[in-house]
Amino acid sequence: MNYQWYPGHMMKAKRMMQENMKLIDLVIELVDARIPFSSRNPDIDELGKNKSRLVLLNKADLADEACSREWIAFFKKNGFHVLEINAKTGAGIKHVNGAVKEACREKIERDRRRGIVGRPVRAMVVGIPNVGKSTFINAFAGKACTKTGNKPGVTKGKQWIRLSKELELLDTPGILWPKFDDQEVGRNLAFIGSMNDEILQKTELAIDLLTCLMINYRKELRERYGFPEEMETPLQILAYICESRKCYKKGSEIDYEKGASLFLDDFRSGRIGRISIERPEKSEGRS
Ligand code: G4P
């Protein structure tokens, strides 16, 4: 299966990002806690060089806790400030302010030495589509925020959300394009639903996901679907899921496509359990 991201989108996103980078001190980068490597574009390291950096492992509620701990250690080792959060419920959000201060400590010190006092840190949220940028901005900024920037009738400019005397956030997140160096990255993004499902072959994708989960999460799969211990192949398991969930076409033929959709949906919404697809050891040296 071929996974795609259109070059037109990529160029536009990159241009926007370069423009906005000039305005900010801190990059708050959201990645998906289930696939932190595949859901980040390492070009952000080049684009955001000289900026303070904070990585947020979002959707941590869906990821394997032990893996997330490993990822936190991994990012720290590579010089990032990092937190795990659930932007949807707000879990972990209260630690973001402290992490921002920590990440910008050097900049604040530098300002002070130059006699600049009270200039707020300006930050931008970035991440690939669907990683939770808008949800995070809403949760972080809350209702208390005030918008600064544009006044009616004045030239078009950027909108900033003033979070405190010390921090302002660009109100539109930066979109990073997913990076398809290898097909595994595309496949992982497809697993979590960050790609248009319309163009994917769901049965094939479900088989790939089952193959992947059977390595570390066979127990969770069996608990959810109750297939027999001796059942071995992903196709057998998918057929079992289809039959037990009554996914049939007319004439009692198994409807694999329907069963595959059901299975993918179970995974994406965490009904099989907290599952991480990627572990940091594979990404050593690639970040
Ligand atoms: P984006 O701006 O980066 O494109 O992402 P957005 O905030 O629109 O979030 C994409 C989807 O991810 C949304 O679901 C959102 O609710 C969900 N989401 C964001 N953060 C988290 C999180 O920490 N945990 C979980 N479990 N989900 C999260 P949706 O299906 O588009 O909408 P809905 O289900 O909220 O209605």
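Values computed for the structure shown
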item	result
Residue check, P280 in contact with a helix residue (DSSP H, G or I) (Cβ under 7 Å, 6 or more places away or on another chain) and at pLDDT below 95	yes
Only one of L235, L176 that is closer than 30 Å to K101 by Cβ and either at pLDDT below 95 or away from the ligand (no atom under 16 Å from the Cβ) (or both)	L176
Top-ranked residue in segment 237-251 [being among the hydroxyl-bearing types (S, T, Y) and more than 17 Å from L205 (Cα to Cα); ranked as surrounded by the most Cβ atoms within 10 Å (Cβ to Cβ)]	Y248
Candidates E223, E184 - the one that is over 21 Å from the mean Cα position of the chain (by Cα) and open to solvent by 30 Å² or more (accessible area, probe 1.4 Å)	E223
Test: residue in segment 143-151 that is over 30 Å from L189 (Cβ atoms), open to solvent by less than 20 Å² (accessible area, probe 1.4 Å), away from the ligand (no atom under 16 Å from the Cβ) and at pLDDT below 90	no
Selection from segment 77-99 of residues that are outside any strand (DSSP E or B), charged (D, E, K, R) and crowded, with 19+ Cβ neighbours inside 10 Å	none
Residue among E220, E168, E243 that alone is modelled with pLDDT of 90 or more and touching a Gly at 6+ places or on another chain (Cβ under 7 Å)	E220
In segment 100-144, the residues that are part of a strand (DSSP E or B) and under 22 Å from P36 (Cβ atoms)	A123, M124, V125, V126, G127
Exclusive hit being over 19 Å from S269 (Cα atoms) and open to solvent by less than 40 Å² (accessible area, probe 1.4 Å), set P234, P228	P234
Total residues in segment 116-134, condition open to solvent by less than 30 Å² (accessible area, probe 1.4 Å) and either without any contact (Cβ under 8 Å) to a residue 12 or more places away in the chain or out of contact with any strand residue (DSSP E or B) (no Cβ under 6 Å at 6 or more places or on another chain) (or both)	1
Conditions (1) assigned to a helix (DSSP H, G or I); (2) loosely packed, with under 15 Cβ neighbours inside 10 Å; (3) touching a helix residue (DSSP H, G or I) at 6+ places or on another chain (Cβ under 9 Å); number of the one not met by I215	(3)
Single unsatisfied condition, K107 versus (1) at pLDDT 90 or above; (2) under 18 Å from R53 (Cβ atoms)	(1)
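The values are calculated or read from the model by the stated rules, or taken from the named source; none is laboratory data. Keep in mind that what you see is a predicted model, and the values were worked out from it rather than measured. Positions of Cβ are backbone-derived with ideal geometry, glycine not excepted, and every protein chain shown enters the neighbour counts. The accessibility values were calculated without ligands, DNA or RNA, using every heavy atom of the protein model including side chains. Shrake-Rupley method; radii C 1.70, N 1.55, O 1.52, S 1.80 Å.
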